[in-house]
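J.: Structure provided below as C-alpha cells; questions to follow.
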Amino acid sequence: MATAVKPRIKLDKKEAKKGDIIEVKALVAHIMETGQRKDAQGQTIPRKILHKFTCTVAGKQVFQADFEPAVSANPYIQFKFRATDSGPVVLTWTDDDGSTIVGEETITVS
Amino acid sequence: MSGLSRRQVLAGSAGALTIGMFGIAPAHAANNAEDLIKAFTGGKSTTEGKVKLDLPEIAENGNTVPMTVSVDSPMSDASYVSDVLVVGDGNPNGGMVTFHFTPASGVAEANTRIRLAQTQNIIAVAKMNDGTFFTASKQVKVTIGGCGG
C-alpha cells in the first residue's frame, strides 16, 4: 500500500542560477505508527514508520534524515540545497517493512 | 537550561517507562535522551551556541509540533555541519530525528513536525565536520486535553 502513495513535493523554484539555494518542501501520507499504542484488545500495535528519508540531486546525495517514532503522522520535511547541476531531484522515504515511497522533481540550472 | 541534571535523571527514572502518549507525567521524565547524545558525540563535550531551535513556547496539540533546526555554518567543503541529532526528554523514546547534511545542502536548516507526549526539553546537537559539537535546547509546554490555555 505504501508504495502507491504519491508524495507532495514543492521546490521554491525549478529554474535556478548556479549557486542558488533551493528550498524543498515535501509531505507524504503515512500513519507513522509509534509502536506505543494499544488496540481495543490491549495488544500493542506494532511500530510502522518511515524511518529514513534521502534526497539526491542529479544523482548526488544532498540531504538525509533518520526519523524516529516521534515524527508526526504524514511526515513533513523541509530543507534546502545549493543548485549546481541540472537533473532530477529524487526524494525517497523508506518504510520499516522495506518498501519505499519515491517522488521526483526536476531542476534546471543555468 | 542545558539538558538534564543528574538529579532530574534519577528522580524521573522509575516511572518514565510506563508513561504512554497521553499519560499524566512527572515534570521531568527520564528516557534514553542522554544516552543518545552520548552515543552521538562519543562522550565529547558540547558547546552552547551556533545551533538555533525554532519551536513554539506552548503546543496545544502535541501530535504535530513544527520544529526548525538551523546551524550557523558556511557549509563549504572545508567547514560544514555533517549531522544534527534532535532528542526530547519527555517522550517514551528520546530519539526524534537526525538530519544529515552535506556541503551541497548549502544551508544547514531543516524543518519537520514532531510528536510531544508532554511538556519537555528539546535538545539539538550539531556535529561539525571538524569533530566539534554544538548544542541548543528549548522547553515546549504541551497542553494536554486540548482546551487551550
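J.: Return the residues of the stretch B:68-114 that are part of a loop (DSSP other than H, G, I, E, B), within 7 Å of another protein chain (Cβ to nearest Cβ) and surrounded by 23 or more Cβ atoms within 10 Å (Cβ to Cβ); say none if nothing qualifies.
T.: Residues satisfying the conditions are B:91, B:106.
J.: Another question, then. Among the residues of the stretch B:70-78, is there at least one that is touching a residue at least 40 places away in the same chain (Cβ under 8 Å) and not small (Gly, Ala, Ser)?
T.: yes
J.: Next question. Hey, among A:5, A:62, which residue is over 18 Å from residue B:64 (Cβ atoms) and in contact with a Lys or Arg (Cβ under 9 Å, 6 or more places away or on another chain)?
T.: The unique qualifying residue is A:62.
J.: Can you tell me which residue in the stretch B:115-125 is surrounded by the fewest Cβ atoms within 10 Å (Cβ to Cβ), limited to those that are part of a loop (DSSP other than H, G, I, E, B) and more than 7 Å from chain A (Cβ to nearest Cβ)?
T.: Within the stretch B:115-125, the match that is surrounded by the fewest Cβ atoms within 10 Å (Cβ to Cβ) is B:119.
Quick grid of which residues meet (1) among the polar types (S, T, N, Q); (2) facing another protein chain (nearest Cβ under 10 Å); (3) within 26 Å of residue B:109 (Cβ to Cβ):
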{"site": "A:9", "(1), (2), (3)": "no, no, yes"}
{"site": "A:12", "(1), (2), (3)": "no, no, yes"}
{"site": "A:18", "(1), (2), (3)": "no, no, yes"}
{"site": "A:23", "(1), (2), (3)": "no, yes, yes"}
{"site": "A:30", "(1), (2), (3)": "no, no, yes"}
{"site": "A:38", "(1), (2), (3)": "no, yes, no"}
{"site": "A:41", "(1), (2), (3)": "yes, no, no"}
{"site": "A:55", "(1), (2), (3)": "no, yes, yes"}
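J.: Let me ask you something else. Say we look at the stretch B:30-49 and pick out the residues that are more than 27 Å from residue B:142 (Cβ to Cβ) and not hydroxyl-bearing (Ser, Thr, Tyr); which of these is nearest to the other protein chains (Cβ to nearest Cβ)?
T.: Filtering the stretch B:30-49 for residues that are more than 27 Å from residue B:142 (Cβ to Cβ) and not hydroxyl-bearing (Ser, Thr, Tyr), the one nearest to the other protein chains (Cβ to nearest Cβ) comes out as B:42.
J.: State yes or no: is residue B:36 modelled with pLDDT under 90, not in a loop (DSSP other than H, G, I, E, B) and not polar (S, T, N, Q)?
T.: Considered against the rule, which asks whether it is modelled with pLDDT under 90, not in a loop (DSSP other than H, G, I, E, B) and not polar (S, T, N, Q), residue B:36 comes out as no.
J.: May I pose another question? Please report, ordered by residue number, the strands (runs of 3 or more DSSP E) entirely within the stretch A:35-110 with at least 2 residues that are among the acidic types (Asp, Glu).
T.: Correct list: A:100-109.
J.: Please verify whether the stretch A:29-42 includes one or more residues that are modelled with pLDDT of 95 or more, surrounded by fewer than 18 Cβ atoms within 10 Å (Cβ to Cβ) and under 13 Å from the mean Cα position of the chain (by Cα).
T.: No - not one qualifying residue is present in the stretch A:29-42.
J.: Turning to a different aspect of this structure: Which residue out of A:33, A:68, A:23, A:105 is touching a residue at least 60 places away in the same chain (Cβ under 8 Å) and out of contact with any Cys (no Cβ under 7 Å at 6 or more places or on another chain)?
T.: Going through A:33, A:68, A:23, A:105 in turn, the sole match is A:105.
The values are calculated or read from the model by the stated rules, or taken from the named source; none is laboratory data. Being a predicted model, the structure only gives us computed values, none of them experimental. Cβ atoms come from the backbone with ideal geometry, glycine included; neighbour counts cover every protein chain shown.
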